[in-house]
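Visitor: Supplied in structure tokens, the structure appears directly below.
The values are calculated or read from the model by the stated rules, or taken from the named source; none is laboratory data. What you see is a predicted model, and the numbers here were worked out from it, not measured in a lab. Here the Cβ positions follow ideal geometry from the backbone for every residue, glycine too, while neighbour counts run over all protein chains shown.
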Amino acid sequence: MRAATYAMAATASVALTGAIVLIHIASPEVKQSLANITGHHWTAVSAISAISFGLMLVLIYVLLGPEKRNGLHKSEDLLGWSIALVLVTLAMTFGIFALYVVQYMAA
């Protein structure tokens, strides 16, 4: 597989993981549900993150097909998906931080 495929899967996985973290910060019920899965909510989030990366990688590999997959070796594709990965990671990080600040200020 090409590096851009991994970057695409990582971007999708980070977005999903970030969304789960945002939801579980805002909802004690979701946090408890995650804790019921593995014993601790962060362990469940980590497991979901690892599994989602693998699933996203397989889905992208299957959905793209050989022609498009072979076209992902261009440096522009890797650069674009690397930038997307950084932006999604930063957005989720700032979103989580903002949610924690809002909860702290409300307490």
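Visitor: Any residue that is at pLDDT 95 or above, over 27 Å from Ala106 (Cα atoms) and part of a helix (DSSP H, G or I) - is there at least one of those in the range 13-28?
Guide: yes
Visitor: Here is a further query. Quick test of your reading of the structure: Ala98 fulfils all but one of (1) touching a Leu at 6+ places or on another chain (Cβ under 7 Å); (2) exposed (fewer than 14 other Cβ atoms within 10 Å of the Cβ); (3) modelled with pLDDT of 95 or more. Name the failing condition by number.
Guide: It is condition (1) that Ala98 fails.
Visitor: Against the definition (of a type in the set (Asp, Glu) and closer than 30 Å to Ala98 by Cα), how does Glu29 come out, yes or no? Spell out how you get there, then give the answer.
Guide: Numbers: of a type in the set (Asp, Glu): yes; closer than 30 Å to Ala98 by Cα: yes.
So Glu29 fits the description; yes.
Visitor: Picking from Ala35, Ala98, Ala44, Ala9, which residue would you name as being part of a helix (DSSP H, G or I) and touching a residue at least 24 places away in the same chain (Cβ under 8 Å)? Give the derivation first.
Guide: Details: Ala35 fails: touching a residue at least 24 places away in the same chain (Cβ under 8 Å); Ala98 fails: touching a residue at least 24 places away in the same chain (Cβ under 8 Å); Ala44 fails: touching a residue at least 24 places away in the same chain (Cβ under 8 Å).
The match here is Ala9.
Visitor: Something else now. Which one of the conditions (1) surrounded by 14 or more Cβ atoms within 10 Å (Cβ to Cβ); (2) farther than 30 Å from Trp81 by Cα does Ala3 fail to meet, given that it meets all the rest?
Guide: Ala3 satisfies all of (1) surrounded by 14 or more Cβ atoms within 10 Å (Cβ to Cβ); (2) farther than 30 Å from Trp81 by Cα except (2).
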